[in-house]
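Asker: One structure coming up, written as structure tokens, with questions to follow.
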């Protein structure tokens, strides 16, 4: 027979085991997180030093597990964190690719967040308005500061755009290239990275936009007007031409999603 004391003692032991188990449940994720911190820090150092080169594959999951003595869960958490910081490009069913720190990597890391935000009402318009605001400043800068070689690059982009009018796919590529030259002119590496980010984030809507040679011709004429204002050193005219062009483009593209 068990005494009341024995029963109480047994219950106490069971409660102690239960409490210890609860503590382990909380400690395990914390330990995994700390282990992932160490792996991320070491891989970051290797990427920064060039030991893991830009464009090379990150070590396979099994290699990371063996090198650092970690579980598959920790390895995956570490890779996810590196991807979130723009230090690796991770895609399902593909080995992660190393991306050396840079403005493109930093903005690329925002892609998933921006994609989620763009599903919210009004978000696409907010992003588009940001692009308009920035490009208005860029055309003013071009009109005031573009050099002779800058003008030649802008003119070449315009000529390629005109030649592509009959071919909508090629026109789209040359349209982006024309705008890209405006981001290149300040010779600030942040600007081209911003343009590539805008292009990536807004592309799904642009690709669904109806296209035709007639519409391409309208856009080309707008580009020509912007170019001429830059050549004429007319920043106010360049800004008006740019705003008019992108306002018309917005009215055309907004049909690819629910109006904000």
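Asker: Go through 134, 107, 158, 127 for me and flag whichever is more than 30 Å from residue 44 (Cα to Cα), within 15 Å of the chain's Cα centre (by Cα) and touching a residue at least 12 places away in the same chain (Cβ under 8 Å).
Answerer: Exactly one of 134, 107, 158, 127 is more than 30 Å from residue 44 (Cα to Cα), within 15 Å of the chain's Cα centre (by Cα) and touching a residue at least 12 places away in the same chain (Cβ under 8 Å), namely 127.
Residues checked against (1) over 24 Å from residue 117 (Cβ atoms); (2) in contact with a strand residue (DSSP E or B) (Cβ under 9 Å, 6 or more places away or on another chain); (3) at pLDDT 95 or above; (4) outside any helix (DSSP H, G or I):
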| position | (1), (2), (3), (4) |
| --- | --- |
| 132 | no, no, yes, no |
| 161 | yes, no, yes, no |
| 178 | yes, no, yes, no |
| 183 | no, no, yes, no |
| 200 | no, no, no, no |
| 210 | yes, no, no, yes |
| 225 | yes, no, yes, no |
| 233 | yes, no, yes, yes |
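Asker: Can you name the residue in region 45-88 that is touching a strand residue (DSSP E or B) at 6+ places or on another chain (Cβ under 8 Å) and surrounded by 18 or more Cβ atoms within 10 Å (Cβ to Cβ) and is also farthest from residue 34 (Cα to Cα) among such residues?
Answerer: 52
Asker: Output the number of residues of region 169-186 satisfying the condition of being free of Cβ contacts under 8 Å to residues at least 12 places away in the same chain and under 21 Å from the mean Cα position of the chain (by Cα).
Answerer: Residues flagged as free of Cβ contacts under 8 Å to residues at least 12 places away in the same chain and under 21 Å from the mean Cα position of the chain (by Cα) within region 169-186 amount to 1.
Asker: Same structure, new question: Quick check: is even one residue across region 237-246 assigned by TED's automatic domain parsing to the domain that holds residue 128 and more than 30 Å from residue 117 (Cα to Cα)?
Answerer: yes
The values are calculated or read from the model by the stated rules, or taken from the named source; none is laboratory data. If you're wondering where the values come from, they're calculated on a predicted model, not measured in any experiment. Here the Cβ is made from the backbone with ideal geometry for all residues, glycine too, and neighbour counts use every protein chain on show.
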